[in-house]
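A.B. asks: One structure, pasted below without further comment.
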Amino acid sequence: MNKMTVFTLHVSVLAWPGLPPGSTLAALGVRRLSGGSALSKAVFGSTASLAAAFLASEDSGPLAAGGMTYADINALMATR
């Protein structure tokens, strides 16, 4: 008697520029799309640019643009 074992593999993909949209990847069987270190690298890049502009212009106005409130930041850390 022949027995065949079937395994289901969950495919994960690391996001990078030029990658198809998540819906397309899902249709191809991708179960998880990860931002990897791209999110933190983008934050550090934005922070460095903002700091350089602030030091050069001494204008503190842009520092608050698009920022989150402390309440919103704390809500991200709340246990659910």
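Please treat every number below as a calculation from the coordinates, not as lab data. Quantities reported herein were computed from a predicted structural model and do not represent experimental measurements. Methodologically, a virtual Cβ is constructed for each residue, glycine included, from the backbone with ideal geometry; neighbour enumeration extends over all protein chains shown.
A.B. asks: Is it fair to say residue 33 is aliphatic (A, V, I, L, M), outside any helix (DSSP H, G or I) and either touching a His at 6+ places or on another chain (Cβ under 7 Å) or surrounded by 10 or more Cβ atoms within 10 Å (Cβ to Cβ) (or both)?
C.D. replies: yes
A.B. asks: Turning to a different aspect of this structure: I need a count of the residues in the range 56-80 that are outside any loop (DSSP other than H, G, I, E, B) and either of a type in the set (Lys, Arg) or exposed (fewer than 10 other Cβ atoms within 10 Å of the Cβ) (or both).
C.D. replies: 8
A.B. asks: May I ask you to list the residues in the range 36-48 that are exposed (fewer than 11 other Cβ atoms within 10 Å of the Cβ), assigned to a helix (DSSP H, G or I) and not hydrophobic (A, V, I, L, M, F, W, C)?
C.D. replies: 40, 45, 47
A.B. asks: Across the range 6-28, what is the number of residues that are in a loop (DSSP other than H, G, I, E, B), loosely packed, with under 11 Cβ neighbours inside 10 Å and either out of contact with any strand residue (DSSP E or B) (no Cβ under 6 Å at 6 or more places or on another chain) or at positive phi (or both)?
C.D. replies: Let us first name the residues in the range 6-28 that are in a loop (DSSP other than H, G, I, E, B), namely 6-10, 15-21, 28.
Still in the running and loosely packed, with under 11 Cβ neighbours inside 10 Å: 6-10, 16-18, 21, 28.
Still in the running and either out of contact with any strand residue (DSSP E or B) (no Cβ under 6 Å at 6 or more places or on another chain) or at positive phi (or both): 6-9, 16-18, 21, 28.
Here the count works out to 9.
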